[in-house]
Amino acid sequence: MKTIQIDTNRTERIHEIIQQRQRFGSQIERSRANLEACKLALVNLKEHQSEFLARGVDATSASCLGEIKFEAINEIDNLLYFLEKLRYRCTRNTINMAVVGYARQGKSRLLQSLTGVSNRVIPDGAKGYCTGTLSKIVHQPGLPQAVAKVDFYSPHEFGKQVLTPYYETLGLGKKSITVEEFARTPPPRLPLDKKDSEIDKARYGHLRKNYYSNIGKYRHLLESSTIEITEEEIPQYVTQDSIDKNGNKIVNYLAVKQVEISCSFPHEDIGQISLLDLPGLGDTNLIETERLIKILSQEADFILFVRRPEANAVWREADLKLYQIARHALGDFFLSKCSFMILNRSKHGAEGGDNAYRCHKLQGSLKETPIRVAKCIVTDCSDSQEAFTEVLEPILDYLVENVESIEREYGLCCQKKIDQVCQSINVELDKASVALARYSDGDLLFEQLFEKFWRKLTNDLENLLMEFKENRYSLDSDLEKEVQNAIQQCRRDTGIPTSWDEISERRHIFGSYNNAYNELLHEIRTNFLGNFLSLDKAMQFRLQNCKYLVVKILKSHLGELIDSEEINFLKILANLLADNSSNLKQGLEKLYEFDVSHAGKIIRLLRENHVDKLKPDTNQFSLLLLPNEVENTSELNIEEQILNAVQKLHQEAVDKSEIALNKIMNEPSMDAYFMLEEFIDRILRAKGVQLEWRIFLRKESNQVWSEFREIEERIQQQKIWNALVERAKEVNGLLLK
Ligand SMILES: Nc1nc2c(ncn2[C@@H]2O[C@H](COP(=O)(O)OP(=O)(O)OP(=O)(O)O)[C@@H](O)[C@H]2O)c(=O)[nH]1
Ligand SMILES: [Mg+2]
């Protein structure tokens, strides 16, 4: 292979450009590292935010935390992706130039001229070859022959990136298509609304005639990993028009994603330049254009639009369209600063003659179009010398002169994006720094908990009072049972002798019927009254029960303050209170001591109701013997008469007592109701009592509310949170210049 003498000046310039760019690459790397640190700090903060919210914090803190948004993490990811592309571009050791243009404009020919490599390494249309796929040509010194690495689409990539865009654009009824489906069923007919479009028909034809009809020929390659090929094989993978020895078309290019060709450039001084050859674009494969150009946004440093003006050529709609597609696909790439328009002058053009006039015409009128490139050059792409002097040299001069300003612009663009993210992060971090400000604030916590305590205690006690109010006239079933037991006991155990013989005996003992009768009445009366002694206690049941219910409510609101569940809870609580909590203390003590003694009342009731008649003074023996008092008794002996009389008196006393006792059966309910009402008034409604509660509970907060026991832990959590916020602020600050 012929090696052309090295132009050291050119080599140095290329080297200088690459070095300058690499310095910029280090800056980008620093920004990237800072962004990574910032992202990490935000991710940490976000995790803590989620933990806090999941664990459950007070409502104020929860709402403040909830307001902190972390969309900036996604923005940082986008920025990192952008910076990574930039860094990749800036730190590589080559300047990559790509050619973009419609088919048969001389792109491949220009690359041949620039590198000095043969038609076999970069096939051009001279032998009827059209470039079929993206190929990258890199210099590798000392290689006697070119070699190439071929990457194929995977079946998934092929379905998603190649076929699906056709189905979508042409409206073929499917949103996505897999290779299997495609191989099984031919693409459906073009929809009616597309039938008249020449472009759509051409695109459809490409899909059907090339991709579908040949699927059997290239499908196996989609399963293939990267292969290495020799120089002779290159056309079989990069061109659209190769044929095998039997004259059959080779369609490998359809499955190729990218080819990287390594060869030794005869012009060694441009060894640090790599070239990217793209298939000629046209209406048929315009669908693929955007995808191909997108690859350039990462791979190319400089783009050469190549156009070979035909006779009477003007800037066409198609030229603008291609430029727009490129600008869109290249995203942040500074197309206007990093591209030249090459107008290919062919002295012996196919259409005959020299197109120099047209070239200059187009060169002059380019500024009237929206196409913006750094320079527009007229050159003969098939002339190596011209390609050097008219294309390469101006590009290098331009880059030497502008690389700094281009980088500055890239830098400014990055910084602008970074500043925007920084600002939005700052807004969120400001929210974050105050989000937990009150989280470990005991006073605030107390107020919140006390408010809840007061509301619930009031509600529970009022509900209880309501219940007692509704039942204040109802009979006390416990008491009723006790009364019935006592009455039955009276009836069962009267204490009255069962036979008159016993009366006779008593007569002998006491010396007279009179004395025997009197003694008998004393015995019967005391026996009778003895049965009612337990009623006083029974009448206290209701009160006790009411006190228990109050204790239950108080206990449920006072946490771990008092262990007891008994009525002495009230006493213990009262003792814990300071002496100046007079209302509260009094209310509790009074409830604890509250006791309506019914003993006197019951005795009075019983004695008033004919028990008195069981006394000798009120029922003298002599009266028994009056004929009109005791009817039909004359036939009975005196003992029997006595027996009958005391039985009757006893019977009457029992019956009357029963009636009288039944009348006071609701009194315990009434007493309990008023007792409770009095208690509630004292501990909830009395003037200043809320303040008494407040002072007391503030002192006992730790015992009453678990939240207060956690406050130490909260202080620690708050410290961690603040440290994370500070860290995020610090790294965010580093992003700002
Ligand atoms: N006379 C002359 N012929 C040229 C010139 N540039 C390209 N050609 C010829 O034009 C035809 C197409 O050139 P290519 O370099 O293959 O064009 P391309 O833009 O790469 O085409 P695709 O790969 O199909 O996109 C070939 O036959 C070239 O030899 C030129 O400047 N002068
Ligand atoms: Mg080509």
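The values are calculated or read from the model by the stated rules, or taken from the named source; none is laboratory data. Note that the structure is predicted; figures quoted are calculated from it, not measured. Positions of Cβ are generated from backbone atoms using ideal geometry, with glycine treated the same way; all protein chains shown enter the neighbour counts. Areas reflect the complete protein model, heavy atoms only, side chains present, ligands, DNA and RNA absent. Shrake-Rupley method; radii C 1.70, N 1.55, O 1.52, S 1.80 Å.
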Quiz item: Over the chain, what percent of the accessible surface lies on carbon and sulfur atoms, probe 1.4 Å?
Solution: 49
Practice problem: Bin width 10 Å, alpha-carbon pairs only: give the P(r) of the range 94-382 as whole percents, running from 0 to the bin holding the largest distance. | Solution: 6, 27, 35, 24, 7, 0
Quiz item: Taking 0.36 nm per intervening residue step and subtracting the Cα-Cα distance, what contour gain separates THR226 from LYS245 on full extension?
Solution: 4.4 nm
Practice problem: Calculate, for ARG316 and HIS348, the FRET efficiency according to 1/(1 + (r/R0)^6) with r their C-beta to C-beta distance and R0 25 Å; round to the nearest 0.05. | Solution: 0.60
Quiz item: Counting alpha carbon pairs within less than 8 Å and at least 6 residues apart, what relative contact order, in whole percent, applies to the range 94-382?
Solution: 30
Quiz prompt | Principal axes of the range 302-359: Cα extent on each, largest first, Å | solution = 41, 22, 15
Quiz item: More than 24 Å apart: what percent of Cα pairs in the range 314-429 qualify?
Solution: 43
Practice problem: Could you work out how far the C-alpha centroid of the range 705-737 sits from that of the range 409-441, in angstrom? | Solution: 16
Quiz item: For the range 202-347, what is Rg from Cα atoms divided by 2.2 N^0.38 Å, rounded to two decimals?
Solution: 1.19
Self-check item: Assigned charges on the beta-carbon of Lys, Arg, Asp, Glu; the range 94-382 dipole about Cα centre (debye)
Solution: 760
Practice problem: Compute the projected area of the convex hull of the Cα atoms of the range 1-146, averaged over all viewing directions, and report it in nm² to one decimal place. | Solution: 14.2
Quiz item: How many nm separate the modelled label positions at ASN722 and ILE695, each set 7 Å beyond the Cα in the direction of the Cβ?
Solution: 3.3
Quiz item: Measuring from centroid to centroid over Cα atoms, what is the spacing of the range 234-283 and the range 454-494 in Å?
Solution: 103
Quiz item: Based on the alpha-carbon gyration tensor of the range 267-320 and its eigenvalue square roots a ≥ b ≥ c, which shape applies: rounded if a/c is under 1.5, prolate if not and a/b is larger than b/c, or oblate?
Solution: oblate
Quiz item: For the chain, which DSSP H helices look membrane-span-like by this rule: Cα extent along the axis of 27 Å or more and mean Kyte-Doolittle of at least 0.5?
Solution: none
Self-check item: the chain - percent relative contact order, Cα under 8 Å, separation 6 or more
Solution: 17
Quiz item: Which whole number in µm²/s is D for the range 633-709 by Stokes-Einstein, with the Kirkwood Rh taken over Cα pairs at 20 °C and 1.002 mPa s?
Solution: 116
Quiz item: Is the range 540-584 best put as rounded, prolate or oblate by its Cα gyration tensor, with a ≥ b ≥ c the root eigenvalues, rounded for a/c under 1.5, and otherwise prolate when a/b is larger than b/c, oblate when not?
Solution: oblate
Practice problem: Output the Kirkwood hydrodynamic radius of the range 129-271, Cα pairs only, in Å rounded to one decimal. | Solution: 16.7
Self-check item: Those aspartates and glutamates that a straight Cα-Cα span of less than 16 Å connects to LYS590, excepting residues fewer than 8 apart in one chain
Solution: GLU566, ASP579, ASP671, GLU677, GLU678, ASP681
Self-check item: Shape metrics for the chain, restricted to C-alpha atoms - Rg then Dmax, Å
Solution: 54.0, 172
Quiz prompt | the range 94-382, accessible area per residue, ligands and nucleic acids excluded (1.4 Å, Å²) | solution = 43
